[in-house]
Amino acid sequence: MLRNGLEPWHLLILAVVMIALFGSKKLPDTARALGKSARILKSEAKAMKDDEAR
């Protein structure tokens, strides 16, 4: 079942569950916060990698 990882219908089910739990009004704010967190994590990981290279 999990050999192929996520299939498109898994993502569809996840999207429906997220909409049901959080409502359509909070989803854009949640996605924005998630994107900001991902950018911060990426920049911190890059900074740590650059520090190790020195």
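Applying the Karplus relation 6.51 cos²θ - 1.76 cosθ + 1.60 with θ = phi - 60° to the range 36-49 yields 3J(HN,Hα) values of 5, 5, 5, 5, 5, 4, 5, 5, 5, 5, 5, 5, 5, 5 Hz, where x marks Gly and Pro.
At a probe radius of 1.4 angstrom, the accessible area of the chain per residue rounds to 100 square angstrom.
In plain terms, the chain from Leu11 to Ser24 could stretch by 3.0 nm, reckoned as 0.36 nm per residue minus the Cα-Cα distance.
When the P(r) of the chain is calculated, the portion above 14 Å amounts to 71% of the C-alpha pairs.
Work out the length of the dipole vector of the chain about its Cα centre, built from +1 on the beta-carbon of each Lys and Arg and -1 on the beta-carbon of each Asp and Glu, and round it to the nearest 20 debye.
Values: 10 positive and 6 negative charges, 34 e Å.
Dipole magnitude for the chain comes out near 160 debye.
When a 1.4 Å probe is rolled over the protein heavy atoms, the share of accessible surface on the range 1-44 that falls to carbon and sulfur comes to 71 percent. Between the Cα long axis of helix 8-22 and the first principal axis of the chain there is an angle of about 80°, rounded to the nearest 10. Can you pull the one-decimal nm distance between simple spin-label points at Glu52 and Lys36, each 7 Å off the Cα toward Cβ? So the label points at Glu52 and Lys36 sit 2.9 nm apart. Using a probe of 1.4 Å, the accessible surface attributed to Asp29 totals some 90 Å² when neighbouring protein chains are kept in position. In the chain, the DSSP-assigned H stretches of four residues or longer account for a calculated mean residue ellipticity at 222 nm of -27000 deg cm²/dmol, using -39500 (n - 2.57) per stretch and the full residue count as denominator.
The values are calculated or read from the model by the stated rules, or taken from the named source; none is laboratory data. Everything quoted here is computed from the prediction, not taken from an experiment. Please note: Cβ atoms are built from the backbone with ideal geometry, for glycine as well, and neighbour counts cover all protein chains shown. The area values use the complete protein model at the heavy-atom level, side chains included, leaving out ligands, DNA and RNA. Shrake-Rupley method; radii C 1.70, N 1.55, O 1.52, S 1.80 Å.
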